[in-house]
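The structure appears right after this line, and notes come after that.
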Amino acid sequence: MRSKRRNAPLLFVSIPVFILLAFLPFSLLYGQVKKDTLTFRIMSYNVENLFDCRHDTLKNDYEFLAGAVRHWNYTKYKKKLDAIARVIIAVGRWTPPALVALCEVENDSVLRDLTRYSALREADYRYVITHSPDERGIDVALLYQRGLFKLLSAQSYPVTKPHERSRPTRDILHVSGLLLSHDTLDVLITHFPSRSGGAKASEPYRLSAAQRLKNVADSLCRARTRPQIIIMGDFNDYPVNKSVQKILKAGVPPTEADALDSQTLYHLLARKSTADKYFGSYKYQGEWGLLDHIILSGNLLKPDSPLYTAEDRADVFLAPFLLSEDKKYGGSQPFRTYYGMKYQAGYSDHLPVWAEFKLLY
């Protein structure tokens with residue numbers, strides 16, 4: 001009897017242990033999801049006056065009509081489309097980038113022709129474009145691949161003119177999309193007012209545009225649990241200028257990941273820009289400078305983020321076919337479509353900038 005009472009508790013304990021051991025492999029797998037990674041590349045490119053050959057009512061596009069001063073025609077237009085498509089494919093290393101921000105595009109027609117009737121037709125891009133009050137009719141746009149970026153919403157934000165006499169400028173484009181990781185990515189594309197009339201005199205307009213951009217970014221940081229924001233475009237300002245440093249407060253990322261703030265904006269190319277005087281996307285009077293920017297919210301620079309990049313994964317695309325000899329100042333310069341009024345059959349007066357992310361999904 002004593003032995004039976006001694007063994008009974010052992011039998012009682014052994015049953016749940018056996019069941020636990022039997023179901024242990026399943027309990028370890030429960031709730032786990034196999035994850036994979038892919039390369040998610042983005043780029044920003046000012047394509048220098050991508051105009052079609054037709055007149056847009058109420059827009060000053062006359063210089064790009066047949067018989068006008070530039071002698072623009074369908075042959076040159078088609079060549080321009082093919083040139084831009086070649087650049088986009090090359091930046092993606094023969095795999096078209098997931099997102100392409102474009103500045104200086106005239107309308108929906110040129111984007112339809114670019115995505116359907118150029119070498120990009122096999123990439124299956126879709127696009128979103130602003131319809132700004134810019135007098136020349138140029139806008140900003142985003143090309144996106146639907147398999148990598150599911151469009152959720154798109155909105156334009158006008159920029160307040162600093163003076164009544166100031167000409168209207170391009171709207172800021174905000175596009176939200178869903179990634180394969182089921183996270184929301186917010187993309188802001190901008191083309192700040194030019195330096196026409198002098199950098200100092202025109203600066204208030206760019207500061208106004210920067211403040212509008214900062215307000216939108218701040219509202220997204222407040223609205224998102226985990227903000228993932230990418231800002232791209234032609235700022236017509238350098239990383240050291242007030243629009244970037246004082247308004248956006250987008251400085252170089254900290255060297256330690258623990259110091260990153262999810263609510264702060266960081267400039268992905270600023271460190272390279274300050275370290276190398278020949279680094280830039282635009283050349284003005286013999287000096288290279290970075291007018292085209294990629295700015296991110298802090299979450300996108302954290303190594304454990306589902307969408308992650310770093311400074312060494314971003315650069316200016318400095319391909320030899322995009323450059324021509326700078327006969328006046330020496331060295332090379334962007335191979336542009338026009339040099340003054342002389343047609344060169346080049347690409348753009350800007351070079352593209354790009355960044356490569358790792359997407360975990």
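In the P(r) worked out for the chain, what percent of Cα pairs fall beyond 32 Å?
I get 36 percent for the Cα pairs in the chain exceeding 32 Å.
Note down the magnitude of the dipole of the stretch 37-356 about its Cα centre, charges +1 on Lys and Arg C-beta and -1 on Asp and Glu C-beta and zero elsewhere, to the nearest 20 debye.
Magnitude of the dipole: close to 420 debye.
Using DSSP to define loop residues, name the chymotrypsin sites (Phe, Trp or Tyr not before Pro) in the stretch 72-116 whose beta-carbon has at most 16 other beta-carbon atoms within 10 Å. Mind dumping the intermediate values first?
Working: sites: W72, Y74, Y77, W94; in loops: W72, W94.
Of the chymotrypsin sites (Phe, Trp or Tyr not before Pro), the ones in loops of the stretch 72-116 whose Cβ has at most 16 other Cβ atoms within 10 Å are W94.
Sort 101-109, 321-329 for me by packing, meaning the mean count of neighbouring Cβ atoms within 10 Å per residue, highest on top. Mind showing how you got there, number by number?
Details: 101-109: 22.9, 321-329: 13.2.
Packing proxy ranking, top to bottom: 101-109, 321-329.
With runs of 4+ DSSP H residues as the only contributors, calculate the mean residue ellipticity of the chain at 222 nm using -39,500 (n - 2.57) per run, divided by the residue total and rounded to the nearest 500.
-8000 deg cm²/dmol
For T57 and A275, calculate 0.36 nm times their separation in residues minus their Cα-Cα distance, and state this gained length in nm to one decimal.
Full extension of this stretch gives 73.9 nm more.
Here is the link list: K214/K272; K59/K283; K80/K342. Which ones come out longer than 18 Å on Cα distance?
K214/K272; K59/K283
Using the Karplus equation 6.51 cos²θ - 1.76 cosθ + 1.60 (θ = phi - 60°), what ³J(HN,Hα) coupling, rounded to whole Hz, does each residue of the stretch 127-134 give in order, writing x for Gly and Pro?
Calculated HN-Hα couplings, in order: 9, 10, 9, 7, 10, 7, x, 3 Hz.
Return a whole-number percent for the relative contact order of the chain, with Cα pairs under 8 Å and 6 or more residues apart as the contact set. It would help to have the intermediate numbers written out before the result.
Details: 734 pairs, mean separation 60.9, N = 361.
Taking the mean separation of contacting Cα pairs over the length of the chain, I get 17 percent.
To test your reading of the geometry: what angle, between 0 and 90 degrees and rounded to tens, separates the Cα axis of helix 74-91 from the longest principal axis of the chain?
30
Any chance you could list the semi-axes, whole Å, largest first, of the equivalent ellipsoid that the Cα gyration tensor gives for the stretch 286-340, using √(5λ)?
Three semi-axes, in Å: 34, 11, 10.
If the reach is capped at under 19 angstrom between alpha carbons, list the aspartates and glutamates near K246, excluding any in the same chain fewer than eight residues apart.
Qualifying aspartates and glutamates at Cα under 19 Å: E203, D218, D234, D237, D261, D292.
Give the residue from V100, F357, H293 lying farthest towards the positive end of the charge dipole for the chain; charges sit on Cβ (+1 for Lys and Arg, -1 for Asp and Glu) and the dipole is referred to the Cα centre.
The residue sitting most towards the positive pole is F357.
Relative to the longest principal axis of the C-alpha atoms of the chain, give the angle of the C-alpha long axis of helix 2-29, reported between 0 and 90° and rounded to the nearest 10°.
Helix 2-29 sits at roughly 10 degrees to that axis.
Can you find, among L151, G137, H71, the residue farthest towards the positive end of the dipole of the chain? Put +1 on the C-beta of Lys and Arg, -1 on that of Asp and Glu.
My answer, from the dipole projection, is L151.
For the pair L178 and K302, what calculated FRET efficiency results from E = 1/(1 + (r/R0)^6), where r is the Cβ-Cβ distance and R0 = 22 Å, to the nearest 0.05?
Calculated transfer efficiency: 0.65.
Per residue of the stretch 165-171, what does 6.51 cos²θ - 1.76 cosθ + 1.60 with θ = phi - 60° give for ³J(HN,Hα)? Whole Hz please, x for Gly and Pro, Karplus curve as stated.
Coupling constants for the stretch 165-171: 7, 5, 6, x, 10, 6, 6 Hz.
Shape verdict for the stretch 99-249, please, from the Cα gyration tensor: rounded (a/c under 1.5), prolate (a/b greater than b/c) or oblate.
Judged from the Cα gyration tensor, the stretch 99-249 comes out oblate (a/c at least 1.5, b/c at or above a/b).
Can you list residues from other chains, or at least 5 along the same chain, whose modelled amide H is less than 5 Å from the amide H of W288?
Result for W288 returns nothing.
Quick check: the angle from helix 199-223's long axis to the longest principal axis of the chain, C-alpha only, nearest 10 degrees?
Between the helix axis and the principal axis of the chain, the angle is about 20 degrees.
Of all DSSP beta bridges in the stretch 37-356, what percent run antiparallel (nearest 5)?
Working: 47 of 60 bridges.
Around 80 percent antiparallel, to the nearest 5.
Loop only per DSSP, at most 13 neighbouring Cβ atoms within 10 Å: give me the trypsin sites (Lys or Arg not before Pro) in the stretch 106-160, ordered by residue number.
Passing sites in the stretch 106-160 are R146.
Bear in mind that the values in this text are calculations on the coordinates, not laboratory data. All values reported here derive from a predicted model rather than from experimental measurement. Neighbour counts run over all protein chains shown; Cβ positions are idealised from the backbone, glycine included.
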